[in-house]
Amino acid sequence: MQTHQCLCHPCPRNELDTSPRQCGCYRRRTLIPTFAGEMEVSLDEHGITVCSVAGTNFQPYAKLLCALGIPFSVITDYDEVNEVPRAYNRGLNLVRTIDGARDGEDTDAVISDIEEGSYKESFEKMELFGIFVNTDTLETELFDGDYAQEMIETLREHSFSQARMTLLSEWEEEEDTVDHKVLLKMIEQMGKGRFAQRLATRVSGNPVPDYISKAVNHVIGLV
């Protein structure tokens, strides 16, 4: 079997559409290779595939990849609910699976160590196992980072109402006034896949989100 690498990411079921170009998984599969290109990394040359798991249940994929000896990273959203990130237990379960596959001598001790400290510290420890978590969701994190102007320009390509266009201009003047719920709704209206395609053309020269660059480098480092 030819050695292959994998970057796994979630595709929430409520984002699925009859057209693959409109689903959440497509927008990530579009942007991650583009970000890798900004890192001067060719995923194809390294044999790396970006995979959607059609949900957030990474366990079957992690078990399969571990069994086959295929290096992989997991990219997942923070998903905070009632001040608790769903990514936390998701990550702990993956660590248990991955450490077990490595014949870890004391997986319970590994888990206990990760559970100590803040969520931020725990997620940093999970990175050693190839699990990378952002701070919110892909789009809001990009907007709050270095992609506000690029995202606004991309949204302007859609035929929104005058009120929506005015709102984009207001966000352009003061980025911290953005309403994340409205932003996500506008991206949905434009079509998540279409938005990702057009945003990808504006990525050049901008910094790659830290958790994505770490995930790519983690897989490359295991080759």
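The values are calculated or read from the model by the stated rules, or taken from the named source; none is laboratory data. Since the structure is predicted, the reported quantities are computational estimates derived from the model, not experimental observations. Virtual Cβ from ideal backbone geometry, glycine too; neighbours counted across all protein chains shown. Only protein heavy atoms, including side chains, enter the accessible area calculation; ligands, DNA and RNA are left aside. Shrake-Rupley method; radii C 1.70, N 1.55, O 1.52, S 1.80 Å.
General observations
- Among residues of segment 51-68 being in contact (Cβ under 8 Å) with a residue 12 or more places away in the chain and assigned to a loop (DSSP other than H, G, I, E, B), the one that is surrounded by the fewest Cβ atoms within 10 Å (Cβ to Cβ) is Gly55.
- Of residues in segment 69-109 being of a type in the set (D, E, K, R) and more than 18 Å from the chain's Cα centre (by Cα), the one least open to solvent (accessible area, probe 1.4 Å): Asp99
- Residue check, Leu183 in a helix (DSSP H, G or I), hydrophobic (A, V, I, L, M, F, W, C), without any contact (Cβ under 8 Å) to a residue 24 or more places away in the chain and surrounded by 12 or more Cβ atoms within 10 Å (Cβ to Cβ): no
- Arg198 vs. criteria basic (Lys, Arg) and in a loop (DSSP other than H, G, I, E, B): no
- Condition check for Met151: free of Cβ contacts under 8 Å to residues at least 60 places away in the same chain, outside any loop (DSSP other than H, G, I, E, B) and surrounded by 15 or more Cβ atoms within 10 Å (Cβ to Cβ): yes
- Test: residue in segment 192-213 that is touching a residue at least 24 places away in the same chain (Cβ under 8 Å), farther than 30 Å from Gly47 by Cβ and of a type in the set (Gly, Ala, Ser): no
- Selection from segment 201-217 of residues that are among the small types (Gly, Ala, Ser) and in a loop (DSSP other than H, G, I, E, B): Ser204, Gly205
- Failed condition for Leu199, given (1) within 19 Å of Gly37 (Cβ to Cβ); (2) open to solvent by 30 Å² or more (accessible area, probe 1.4 Å); (3) touching a helix residue (DSSP H, G or I) at 6+ places or on another chain (Cβ under 6 Å): (2)
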